[in-house]
Amino acid sequence: MSFSLCIPRRPLIVGHGAGATRLCQAAEELGISGLIAEGEPRELMARALDEGCDAVHPGELPAAVQLALAKACREAGLRFLGQGAPLLAAMADSAAMRRLMTEAGLPLAAPDGEGAPVRLSLLADRHGQVVYLAPRQSFGDTMSMAPLPWLTAERTAYLGRLAARGVAALGATGLIEAGFRVAGNALGFVSLRPGPAGEEALDEALFGLDPLVTHWRLMSGERLRERQSHLVGQGHARLWRLAVPEHARLDGGPGVRLDHPGDGHEARLVIWGRRSEELEPRARRALSCLLGTEEAGRFVAG
């Protein structure tokens, strides 16, 4: 391999469902044989050691849980493939993170929560290089979309540069998710959390880039290959989280992708189109295949 020799040989990936499956798939593309497991930190350490794992990836767990997992890895002598403990502690403490972002020169969102919540993923290497991906917005617990039609290219670039400045100041590595609130011409920082966040498929569709493959490379010590000037999104994408009925099938078609690890697990449906008006009929057709016409209408309308 051409990249760093500190790449893990057999990591245990914490989680389940589509998120853990996609991380495992991305690892396999790099010749990494991952093992997916769930449980409490002590149980996971025992499983990792029994299976001959040399590292543990925290998956999509929140920062506070990752902090406990990082401690367990240190005690078990296993490499933790996540952010450092001090950064995880700050991510788990909103007041501490807001202080750090103020020191980095970022404006803070008003305490009253005014403005639209916007999130974006960033990729960072150990040498301070950072790129940002598409700002996105969630509607309830089921649907997310990117890019945001009401956010101009200039505002998007400004938001991305602010987020990248904060991430670089903290020395984060790999995938990170930054949250802001945007109200008119004003925007302010809200939160920073470790990635992956479960919505990387939106950026995959828009940029033709797999953030999870890049994440594995960065966590293994490789320099960031991507340059911000080359990351130009194409089209529009939406992602739905849904429970797919047993034996339901998707008949495919352009701009349609389903990440479904099997019965009993949440599925993630991604719809892409060159123009925004292509999304609704394409989504309605795909959701009708999976859920039926009436339920599809509810998802699209929501």
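The values are calculated or read from the model by the stated rules, or taken from the named source; none is laboratory data. Owing to the predicted nature of the structure, the values given are computational and were not obtained by experimental measurement. Neighbour counts run over all protein chains shown; Cβ positions are idealised from the backbone, glycine included. We work out accessible area using only protein heavy atoms, side chains counted, and drop any ligands, DNA or RNA first. Shrake-Rupley method; radii C 1.70, N 1.55, O 1.52, S 1.80 Å.
Under 5 Å from the amide H of GLU222 lie the amide H atoms of SER4, each residue being 5 or more positions distant or on a separate chain, with H modelled from the backbone and absent for Pro and chain starts.
For region 237-302, GluC sites (Glu not before Pro) meeting the loop criterion (DSSP other than H, G, I, E, B) and having at most 13 other Cβ atoms within 10 Å: GLU246. Secondary-structure-derived ellipticity at 222 nm for the chain, considering helices only, amounts to -11000 deg cm²/dmol, per-run term -39500 (n - 2.57) for DSSP H runs with n ≥ 4.
In region 157-206, Cα pairs under 8 Å separated by at least six residues give a relative contact order of 28 percent. Here the contact order of the chain, divided by its residue count and restricted to Cα pairs under 8 Å and six or more residues apart, works out to 18 percent. Listed values for region 274-279 are Karplus-derived 3J(HN,Hα) couplings in whole Hz (6.51 cos²θ - 1.76 cosθ + 1.60, θ = phi - 60°), namely 5, 10, 4, 5, 7, 5, and x replaces Gly and Pro.
When the chain is treated as a GNM with alpha-carbon contacts under 10 Å, the residue of PRO111, PRO196, PRO11 showing the greatest mean-square fluctuation is PRO111.
The trypsin sites (Lys or Arg not before Pro) of region 222-281 meeting both criteria, a DSSP state outside H, G, I, E and B (loop) and at most 13 other C-beta atoms within 10 angstrom of the site's C-beta, are ARG223, ARG227, ARG249, ARG274, ARG275. When both bridge partners sit in region 8-156, DSSP labels roughly 45% of those beta bridges antiparallel. Counting only protein heavy atoms and using a 1.4 Å probe, what share of the accessible area of region 1-109 belongs to carbon plus sulfur, as a whole percent? Carbon and sulfur: 52 percent of the exposed surface of region 1-109. For ILE36, nonlocal amide neighbours, meaning residues 5 or more places apart or on other chains whose placed amide H falls under 5 Å from its own, are ILE13.
Here GLU114 and ARG161 are evaluated by their C-beta separation; at R0 = 30 Å the FRET efficiency comes out at 0.85. Cα centroids of region 117-172 and region 230-302: 23 Å apart. Which whole-number percent gives the relative contact order of region 49-199, counting Cα pairs below 8 Å spaced six or more residues apart? Once divided by the residue count of region 49-199, the mean separation gives 28 percent. With θ taken as phi - 60° and the Karplus curve 6.51 cos²θ - 1.76 cosθ + 1.60 applied, the whole-hertz 3J(HN,Hα) list for region 76-92 is 8, x, 10, 6, 9, 8, x, 5, x, 4, x, 5, 4, 4, 5, 5, 7 Hz, x standing for glycine and proline. Karplus-derived 3J(HN,Hα) values for region 224-232, using 6.51 cos²θ - 1.76 cosθ + 1.60 with θ = phi - 60°, are 5, 7, 6, 10, 4, 5, 8, 8, 10 Hz; glycine and proline are entered as x.
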